[in-house]
Amino acid sequence: MICVKCGHDPDAIVATTYQFHIDREPPSLNDRLFNSGPRAREYRKERDAWMWHLREARLKWLIPFAHEQDRRRVTLTRVFGARQRERDFDNLSGGMKACVDALVLEKLLAGDSPGDAEIYYAQKRGNRAGLHVTIEVLQ
């Protein structure tokens, strides 16, 4: 049974998995990237930068577009370096808004509602800072 809050489907079968790394640090919610008011232009600039990185990955790995009936599970993992700190969950997930919106605009997700996609956020320390993206196509 699919969870109405988060959209998690424990019985879903993973048909295909795509994984790639983007050498760009996801912003923190504390960076105050809002999608309204005078800061909307900054938000669109950030979102569009993510969209170009995702387009490059989509073309390189031949990831098919998501259609309305497609359901996908996405895990966005922030990889941070030795001199960086782990973020609290609010700053981590809130800062990923531009990334998630770019996934939808680039048609790697049909939408960002729980009915369209399962979206998870994680972080880990690593040598190569940036964003590790895992897209699982569910049956």
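Just so you know, all these numbers are worked out from the coordinates, no wet-lab data involved. Just so you know, these numbers come straight off a predicted model, no measurement behind them. Don't worry about glycine lacking a Cβ; one is built from the backbone with ideal geometry, like all the others, and counts go over all protein chains shown.
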Subject >> Net lengthening on full extension, ARG125/VAL4 (0.36 nm per residue, minus Cα-Cα) >> reply: 40.4 nm
**OP:** Would you mind ranking LEU54, LEU29 so that the residue whose beta carbon has the fewest other beta carbons within 10 Å leads the list?
**Re:** LEU29, LEU54
**OP:** Tell me which label goes with the value of P(r) over Cα pairs in 10 Å bins from 0, in percent computed from the coordinates here: (1) 13, 47, 36, 5, 0; (2) 11, 37, 33, 15, 4, 0; (3) 12, 42, 36, 10, 0.
**Re:** (3)
Original post:
Considering only DSSP beta bridges whose two residues both sit in the chain, what percent are antiparallel, to the nearest 5?
Top reply: 65 percent
Original post:
What's the extension gain from ASP23 to ALA40 if we count 0.36 nm per residue and subtract their Cα-Cα distance?
Top reply: 3.7 nm
**OP:** Please identify, among ASP11, ASP90, ASP23, the residue showing maximal mean-square fluctuation in a Gaussian network model of the chain using a 10 angstrom Cα cutoff.
**Re:** ASP11
**OP:** Set the Förster distance to 22 Å, then compute FRET efficiency between ALA12 and LYS60 from the Cβ-Cβ distance, nearest 0.05.
**Re:** 0.25
**OP:** Might you report the magnitude of the Cβ-based charge dipole of the chain about its Cα centre, with Lys and Arg at +1 and Asp and Glu at -1, to the nearest 20 debye?
**Re:** 560 debye
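For the chain, what is the relative contact order in percent, using Cα pairs closer than 8 Å and at least 6 residues apart in sequence?
Relative contact order, the chain: 43 percent.
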Original post:
Between GLY81, GLN123, TRP52, whose Cα lies farthest towards the positive end of the dipole of region 16-138 when Lys and Arg beta carbons carry +1 and Asp and Glu beta carbons carry -1, centred on the Cα centre?
Top reply: GLY81
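Test of understanding: ordering LEU138, LEU92, LEU76 by Cβ neighbours within 10 Å, fewest first, what list do you get?
Ranking LEU138, LEU92, LEU76 by Cβ neighbours within 10 Å, fewest first, gives LEU138, LEU92, LEU76.
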